[in-house]
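Worksheet: the structure to be examined is printed underneath.
The values are calculated or read from the model by the stated rules, or taken from the named source; none is laboratory data. Here the structure is a predicted model, which is why all the values come from computation and not from measurement. Note: ideal-geometry Cβ built from the backbone for every residue, glycine included; neighbour counts use all protein chains shown.
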2 protein chains.
Amino acid sequence: MRTLLIVTVIVLIATAATAQSQPQFNLMPIPSTVQPGAGQLPIDQSFSVAMTGFHDASLDSGVRRFQAQISKQTGIPFRPKAGATNATLQIHPDHGSEAVQKLGEDESYELTVSDSGAKVTAPNPLGILHGLETFLQLVQPSANGFVVPAVTIKDQPRFPWRGLMIDVSRHFIPIDVLKRNLDAMAAVKMNVLHWHLSDDQGFRVESKKFPKLTGMGSDGMYYTQDEVREFIAYAHNRGIRVMPEFDIPGHSRSWFLGYPELSSGPGPYTLEGGGIDPIMNPTQESTYKFLEKFIAEMAKLFPDAYFHIGGDEVNGKQWDANPKIQAFIHAHNMKNNQDLQAYFNQRLQKIVAKNHKTMIGWDEILHPDLPKTITVQSWRGQKSLAEAAKQGYSGLLSFGYYLDLMWPASRHYAVDPMSGEAANLTPEEQKRILGGEACQWAEWVTPENIDSHIWPRNAVIAERLWSPQQVTDVDSMYARLNALSLHLEWLGLTHRSARTLMLQRMAGTEDISALRVLADVVEPVKDYNRWDDAKGPIDFHAPLNRMIDAVHPESDVARWFQSLVAKYAQSGYKDQAAETQIRTSLTAWRDNDAKLSPLLGQSFLLQEVAPLSANLSALGGAGLQALDYLDKSQSVPDSWRAQQLAVVEGAKKRQADLLLMVAAPLQQLIEGGANPKP
Amino acid sequence: MRTLLIVTVIVLIATAATAQSQPQFNLMPIPSTVQPGAGQLPIDQSFSVAMTGFHDASLDSGVRRFQAQISKQTGIPFRPKAGATNATLQIHPDHGSEAVQKLGEDESYELTVSDSGAKVTAPNPLGILHGLETFLQLVQPSANGFVVPAVTIKDQPRFPWRGLMIDVSRHFIPIDVLKRNLDAMAAVKMNVLHWHLSDDQGFRVESKKFPKLTGMGSDGMYYTQDEVREFIAYAHNRGIRVMPEFDIPGHSRSWFLGYPELSSGPGPYTLEGGGIDPIMNPTQESTYKFLEKFIAEMAKLFPDAYFHIGGDEVNGKQWDANPKIQAFIHAHNMKNNQDLQAYFNQRLQKIVAKNHKTMIGWDEILHPDLPKTITVQSWRGQKSLAEAAKQGYSGLLSFGYYLDLMWPASRHYAVDPMSGEAANLTPEEQKRILGGEACQWAEWVTPENIDSHIWPRNAVIAERLWSPQQVTDVDSMYARLNALSLHLEWLGLTHRSARTLMLQRMAGTEDISALRVLADVVEPVKDYNRWDDAKGPIDFHAPLNRMIDAVHPESDVARWFQSLVAKYAQSGYKDQAAETQIRTSLTAWRDNDAKLSPLLGQSFLLQEVAPLSANLSALGGAGLQALDYLDKSQSVPDSWRAQQLAVVEGAKKRQADLLLMVAAPLQQLIEGGANPKP
C-alpha cells in the first residue's frame, strides 16, 4: 500500500496543472493581440504549405524545418507537394531580412487561421519564422483529428533584444547541445545567443593568430572556427543573432597560460585555481597590439554588429600589487583602478569600433569617458540600467534573469526591464533600454543537465521580453509553461528526460519510484549558496552527479501542494476534496522513507539525502496529525504544536545542498491545526 | 484514491523485476565462463586506461568511446591521462584485425578484474571491443562509489554470425537512427548489420551508374554513397560487418519505376501499389548487363565478403503471364518457375563471384544447380537449414527471430539454430550453420518507434547466438534484460522514451498516467495479423501514430501479473502477499476507465481504445469478485462463473489491433475462484 500512495503525488500534480485557469491558447510568449475565430483547421495528410513573395535558402530551410516539426508533433509524414496552389498554409514575406541579422529589424507577423486554411504574412522572414512557431504551438489533437483553432493573431515583440547568455568556459558545452537550445530559443522567439566564450577556467574558441589561447588555455575542449561559422549559420536560419563575449580585463586567467605577458601579475597561471585576481595589464602597449590582432580576427569570425568585452568584476588586486601599474595610474592623473579600467575600455572601444562593431560590456564599463555608442548589460538592476539610459547609453537587463540562481519561474517573470527607476525615464530614454538577457553561468552545469537548468524557466523571461507589459498572470503563465515544456520535448530538449537517467544512475536500477517522490519535492539551494569561498576553489572537473545536479530548479509538486494548502486554509479547513488530496500526499511522504531507505544505503550518491528522506517522512506524519486535529475541530496542546514546528524547522534546514520545499506549507497546516477556524 | 491505485502497477512491476532470481552479474549475453572474485575495483576520477600490444586508429576510437561511455554511466568526467603506466584498466590485443572484418575472425577475450585493477586481453581488437562492453555492463554504484566487482571472464561466441537485419525500404530509417542501433548491437556483441536496401516500396542507396533507381524508385529518401561509406566505417569501428541486400528477382518493383525494361510485366509501376507480383525478367541478356554494372558498383561500395541477393517470395505471376518467358522456360527444358529462378541465380552467382563476393540469399535460392559456396538464410526454419547443411551449403537461421511478429522475448529466446533437425547433423554439417539474424521488417515502423520494436528483445537473440547453448533460464534472462534496457538508454536508444512522447501526442497533454495504465497491459496483435490483404495494399505513407504504434511489443506488467497469479494459485490461494498485490492491480484496473474515459473522447487517436479500457475495467471488477469468493473459500454460482468467463472472452478479442494481455491470468483467477482449493 505504501508503494501505491507514493506515486500519487505526481499524478495529482498533473491533474492540478491542467485544471487550473486553463488559457484558451497554450501560447508562450503570448502574442500582442489574439482574436479567437470560429471553427478549427484540420491538420491531416493533405496538409501543405505554399510560399509567395520573397524567399531564399534560409527561409526555405525554415519552412522545411517547420514541416518536419509539425510531422513530429502529429506523427503524420508530410511529403513535399509540388505547386500547392490550394495549400493549407500560405506563407508570404514582403521582402528579405538583412544578410546579417540586425538589432531592431522588423519581427512582426500576422497569422490568420480559419477552418479552411491559414496564412502567415510578415514584412520579412524573421516575422515568418515567429509566425510558424506560433502555428506549431497551436497544433493539438481533437475528437476529429489534429487541428489548429481558428484565430487571428497580430504580433510583434515588446523589446528588440531578447537574449540568452550561455557560459561555456566553466564547463564546456558541445555544439549539438547548444544547437538544441537555439531550437528552443526560436520556439519562444528569443533572438540573441550571447556566447560567453572565455573566462578564468577556459578559453573556448580557436584563434589561428594565437593558438595557445586554446592550446594552453583550455582542457582541449573548444570550438573550431569552422564549427563557429556553422553554428552562426544555424542560428541565423532561426532568426537568432550570435554575439561573442571575450571577458577582459578580468576573468581572463585562461589567456595567461599561453600568453603570461598579457597579465598584471607574476603568474604562473593554471586553469584549476587562482581565483579572479588575474587581470590584463592595460598599461603596456603590447597588450593593445595583441588585442588589435585578436579582435580583428574575431570580428571577422563573428558577423554580429555587437562585440561583448565583458568588463565585470575587476577586483584590481594585481594592479594594486604591481608598482609599474601604480606608477602609470599616477603618471596619467587617474584617481583609482576604475579610471584605469575606463582607460583600458576607451582603448578597447577604439579597436572594436575600427572593426565596425559596437562595444558592449557589463555594468562596470559604464564611465563618462566612454562614447555613448557603447551598450551596457546590467547585472546589477534596473537602477543601474536607468542611470545609463539617462546618460545616453543603451542597455540590457540581466539582473533578475540569472537562471543559475535557481529561482522559481514566477520570480524571473516578475522582473520587468521598465520597472523601478526605469519606469520614470522619458520615452526617449526608455527607447535606450533594448531588452534583456537570461544568463546561464556554468559553474554547476554539464552537457547532461544544462537543458534542465535553462528550460522551461527561460521561456518566462522570453515572454517578459516579447509580450505586452501587462501580461503578468502567474497561474496562466504556469499552465502555459507546462504545455510549452511538452512542446520543447518534441524539439529534443532533455530538460525532463535527463533527471530520470541521472536518478537511475544514482540508484543503479530502473526502479526509482521512491527516489522520484523525494526528488519531486526538493530544490537546489538558491543564489550562490551552493558554494562559499571557505571551501576553496571549485573543482570544475569534479563529477556533477549528485541529487542537486539532477533535480529541477523548481519543484512543481511543492508549488502545487502550497496552493492546495492555501485553498484548504481559505475554505476554513472545510474543503473536503482539498483535504483528501493533502492527506494522500502526506501519507505518501510519511511512508516513503521506509521504501527509500534500503536504496539510499546501497549507493554512495544517495547517502547524503537520507536526512531529507527522514524529514519528509516526519513532515508527512506531522501533517496527518494536524489534519486529524482539524477534522475534529479540536484545539491542540501547545506542546504538540511546539514539537511539530521544531520538526518543520529541522526540515527547512539545508541538507545535501537541497531544500525540502514542502516544509513551509506544512508549517501553515500545523499552525492552522493549532488554531482551527470554527 | 483511484488515481493513486492506478500508478501502483508500474511500481510493483519494477520491484518484482529486481526481486526475481537476481543473477550475480547483469551481463547480456552471458559469457562462456565467469569466475567471481573477491572485492571490487573502484571507478573514480583516478580511473585511467593504458594500451599495450597492437593498436590502430580504429581501436583508439573504440577506447575513447569506452571512456566517454563510462563517463556517462558514472557522471565522472574522465580526462585523457598521459603515459598511464599504473592505469586502472590495461588493454592488450596481440595483433590487428583484418582490414575488412571477416566471418570467423577470432572474437575471444579475457577480462580480469581485481580490487586493484583490470585487464582486457584478446588476440585482436574485435575481442578487446567485446571485453570493454562486458566491463561497461559491470559498472555499478555501491555504498563506497562506483565499482566493478572482481571477476575473471573468458569468453568467445558460440556462432560467428550474429546479425540484425533492418529493412529500410518500406519505411526509410535515417543514418543516425541506424547508428544508435549499431551502438546497441555492439553492446550485446552482435557483429553483422544486414541492410535490406531495396524492396517493392523503395530503393534506398545511391547508384551513380543508375541514378533513376533512387531518382524514381524512392520518395527522395535514400543514402548517398558517402553516407554509406561513413556508416560502414562507423560499424567497422564497433566490430560490425555491414552486408547489403538487394532483393531480386522479386520484391523489386521500385527498380522498375526508373528501369521498366528490367521487369517481366507491362507496367507501369508505382511505389504506392502493385503488390509483390512485379518481378525481374531473367530471360533477357539486358537484365544481366544491367546487373553486371550495378553489382560491380555496389561490390565496390560495400567491402563485406557477402552480397545478399534476396531471392524470396517469387510468386511467378508475371512470368506465367508473359508468353516470351514461358517460351524461354520451354526452350531451355525447365520444369517450372523455380527452375527459372535457379537459372537466374546461377547467372547472378557468377556476377557476384566475379566481384569476389560470396552470394547469400533467402531459403528459396536453394537449388542443386547452385555451387556450394553460396549461403542460405532460412526464414522457414531449422529443417530447411538442416537440409541445406546436409547438401553442403552454409546457412543462417532467421526463422523464430522475426522481431516484427511482436513475439515475447522468451519465445525468441527458445529458438536455437541447432535444435530440431539441426540437432541431428554431423559435426561437419553443424559447422555450416554459421549463426542467425534477427529481422526487423519495416511495414509498421518509423524512425520514431523502430528502437522499441527492436530493443530490448533483440538482446535475447544476441545471447542465443553468443552464449553457450545451455544458457536458457527465462527468469534470469528477463532480469538481465531489464538491466540491459537501462544500459541501452545510456547509449541514446529511444526504446523506452519514445512511448511516453507518443502517448502524450495522442492525449495532447503531459498527464498520461491513466493512459499509461492501459498501455502497460496491451500488446500489438501477433504475427501478420495487423493487416490482411482484404484491406488492400498497405499505405506506407499513412501515419503510424496509433496506440499500437506506441506500445511495447511485450507487456512487462502482464507478464509480472501472470506470474503473480500463478504463484497465488500454487499456494492454494493462500499467499496473502500475492493476493494483496493482485488486489491492488485489479482495483487500479477497475477504476482506470472512469479516469481515462474523458481523455479518450477528446482525441481521435484514442477513441478506438475505449473498448479496451472498458474491458480492462470489467476484468478488474470480475477479478476482485473472484478474490472475494476465494477469501471466503465459498463456492460460486455457475451463473456467476459463466458470466465472468464471458467477460474474459470479450476482453480477449482484439480491439484497435491490440490484445489485452491480462485477460488470460484473469481467467485463471475466475476459474480458481469457482473451484477454490480447500
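For every residue, the table says whether it meets (1) at pLDDT 95 or above; (2) of a type outside the set (Gly, Ala, Ser); (3) more than 23 Å from A:Gln581 (Cα to Cα).
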| site | (1), (2), (3) |
| --- | --- |
| A:Leu612 | yes, yes, no |
| A:Leu616 | yes, yes, no |
| A:Gly623 | yes, no, no |
| A:Asp628 | no, yes, no |
| A:Ser633 | no, no, no |
| A:Pro637 | no, yes, yes |
| A:Lys652 | yes, yes, no |
Inset, instruction - List every residue pair whose Cβ atoms sit under 7 Å apart, with the two residues 6 or more apart in sequence or on different chains, where the first one lies in the stretch A:40-59 and is more than 14 Å from every other protein chain (Cβ to nearest Cβ) and the second, anywhere, is of a type in the set (Asp, Glu). - result: A:Leu41/A:Asp115; A:Gly53/A:Asp94; A:Phe54/A:Asp94
Inset, instruction - Taking the residues in the stretch A:164-199 that are within 13 Å of the chain's Cα centre (by Cα) and part of a loop (DSSP other than H, G, I, E, B) as candidates, determine which candidate is nearest to A:Val100 (Cα to Cα). - result: A:Met190
Legend entry - Count - residues of the stretch B:181-219 that are within 19 Å of B:Arg457 (Cβ to Cβ) and out of contact with any Ser or Thr (no Cβ under 8 Å at 6 or more places or on another chain): 14
Inset, instruction - Check whether at least one residue in the stretch A:117-124 is surrounded by fewer than 16 Cβ atoms within 10 Å (Cβ to Cβ), among the small types (Gly, Ala, Ser) and in a loop (DSSP other than H, G, I, E, B), and report yes or no. - result: yes
Legend entry - One residue from B:Pro31, B:Pro77 being in contact with a Lys or Arg (Cβ under 9 Å, 6 or more places away or on another chain), within 19 Å of B:Val148 (Cβ to Cβ) and either assigned to a loop (DSSP other than H, G, I, E, B) or more than 14 Å from chain A (Cβ to nearest Cβ) (or both): B:Pro31
Inset, instruction - Scan the stretch B:432-452 and give yes if some residue there is more than 14 Å from chain A (Cβ to nearest Cβ) and more than 20 Å from the chain's Cα centre (by Cα), otherwise no. - result: yes
Inset, instruction - Determine which single condition A:Gly202 fails, assuming it passes every other condition in (1) more than 30 Å from B:Arg546 (Cβ to Cβ); (2) within 14 Å of chain B (Cβ to nearest Cβ); (3) touching a residue at least 60 places away in the same chain (Cβ under 8 Å); (4) over 24 Å from the mean Cα position of the chain (by Cα). - result: (4)
Inset, instruction - Please specify each residue of the stretch A:34-56 satisfying the condition of being under 19 Å from A:Ala68 (Cα atoms), within 35 Å of the chain's Cα centre (by Cα) and assigned to a loop (DSSP other than H, G, I, E, B). - result: A:Asp44, A:Phe47, A:Ser48, A:His55, A:Asp56
Inset, instruction - Name every residue in the stretch B:569-581 that is part of a helix (DSSP H, G or I), away from chain A (no Cβ under 13 Å) and in contact (Cβ under 8 Å) with a residue 60 or more places away in the chain, in order of residue number. - result: B:Ala569
Inset, instruction - Return yes when B:Val148 is more than 28 Å from B:Val228 (Cα to Cα) and among the β-branched types (Val, Ile, Thr) and no when it is not. - result: yes
Inset, instruction - Just give me the residues in the stretch A:503-532 being among the acidic types (Asp, Glu) and assigned to a loop (DSSP other than H, G, I, E, B), in sequence order. - result: A:Glu510, A:Asp511, A:Asp520, A:Asp527, A:Asp532
Inset, instruction - Consider B:Tyr573 carefully, then state whether it is modelled with pLDDT under 95 and of a type in the set (Phe, Trp, Tyr). - result: yes
Legend entry - Residue that is nearest to the other protein chains (Cβ to nearest Cβ), among those in the stretch B:531-547 that are among the charged types (D, E, K, R) and within 23 Å of B:Thr270 (Cβ to Cβ): B:Asp539
Inset, instruction - Can you confirm whether the stretch B:536-552 contains a residue that is modelled with pLDDT under 95, over 28 Å from the mean Cα position of the chain (by Cα) and of a type in the set (A, V, I, L, M)? - result: no
Inset, instruction - Tell me the helices (runs of 4 or more DSSP H) entirely within the stretch B:591-678 that contain at least 1 residues that are touching a residue at least 60 places away in the same chain (Cβ under 8 Å) and hydrophobic (A, V, I, L, M, F, W, C). - result: B:610-632, B:663-674
Inset, instruction - Could you grab me the full set of residues in the stretch A:125-147 that are assigned to a strand (DSSP E or B) and surrounded by fewer than 24 Cβ atoms within 10 Å (Cβ to Cβ)? - result: A:Gln140, A:Pro141, A:Ser142, A:Gly145, A:Val147
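For every residue, the table says whether it meets (1) free of Cβ contacts under 8 Å to residues at least 12 places away in the same chain; (2) surrounded by fewer than 23 Cβ atoms within 10 Å (Cβ to Cβ); (3) touching a strand residue (DSSP E or B) at 6+ places or on another chain (Cβ under 8 Å).
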site: A:Gln346; (1), (2), (3): no, yes, no
site: A:Val376; (1), (2), (3): no, no, yes
site: A:Leu405; (1), (2), (3): no, yes, no
site: A:Tyr413; (1), (2), (3): no, no, no
Inset, instruction - Give me a count of the residues in the stretch A:553-568 that are within 14 Å of chain B (Cβ to nearest Cβ) and either in a loop (DSSP other than H, G, I, E, B) or in contact with a Phe, Trp or Tyr (Cβ under 9 Å, 6 or more places away or on another chain) (or both). - result: 1
Legend entry - Breaking point among (1) more than 9 Å from chain B (Cβ to nearest Cβ); (2) crowded, with 21+ Cβ neighbours inside 10 Å, for A:Arg505: (1)
Inset, instruction - Please work out which one of (1) away from every other protein chain (no Cβ under 14 Å); (2) closer than 30 Å to A:Cys439 by Cα is the condition A:Ala550 fails and give its number. - result: (1)
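Residue-wise test of (1) in contact (Cβ under 8 Å) with a residue 24 or more places away in the chain; (2) out of contact with any His (no Cβ under 9 Å at 6 or more places or on another chain); (3) among the hydroxyl-bearing types (Ser, Thr, Tyr).
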{"site": "A:Ile166", "(1), (2), (3)": "yes, no, no"}
{"site": "A:Arg180", "(1), (2), (3)": "yes, yes, no"}
{"site": "A:Ala184", "(1), (2), (3)": "yes, no, no"}
{"site": "A:Glu206", "(1), (2), (3)": "no, yes, no"}
{"site": "A:Tyr223", "(1), (2), (3)": "yes, yes, yes"}
{"site": "A:Phe231", "(1), (2), (3)": "yes, yes, no"}
Inset, instruction - Starting from residues that are surrounded by 16 or more Cβ atoms within 10 Å (Cβ to Cβ) and in contact with a Pro (Cβ under 9 Å, 6 or more places away or on another chain), keep the ones in the stretch A:616-649 and report whichever is farthest from A:Leu518 (Cα to Cα). - result: A:Val636
Inset, instruction - Sort through B:Ser603, B:Ser585, B:Ser597, B:Ser613 and tell me the only one that's crowded, with 23+ Cβ neighbours inside 10 Å and within 14 Å of chain A (Cβ to nearest Cβ). - result: B:Ser585
Inset, instruction - Please determine, by comparing only the residues of the stretch A:478-502 that are assigned to a helix (DSSP H, G or I) and touching a Ser or Thr at 6+ places or on another chain (Cβ under 7 Å), which one is nearest to the other protein chains (Cβ to nearest Cβ). - result: A:Ser497
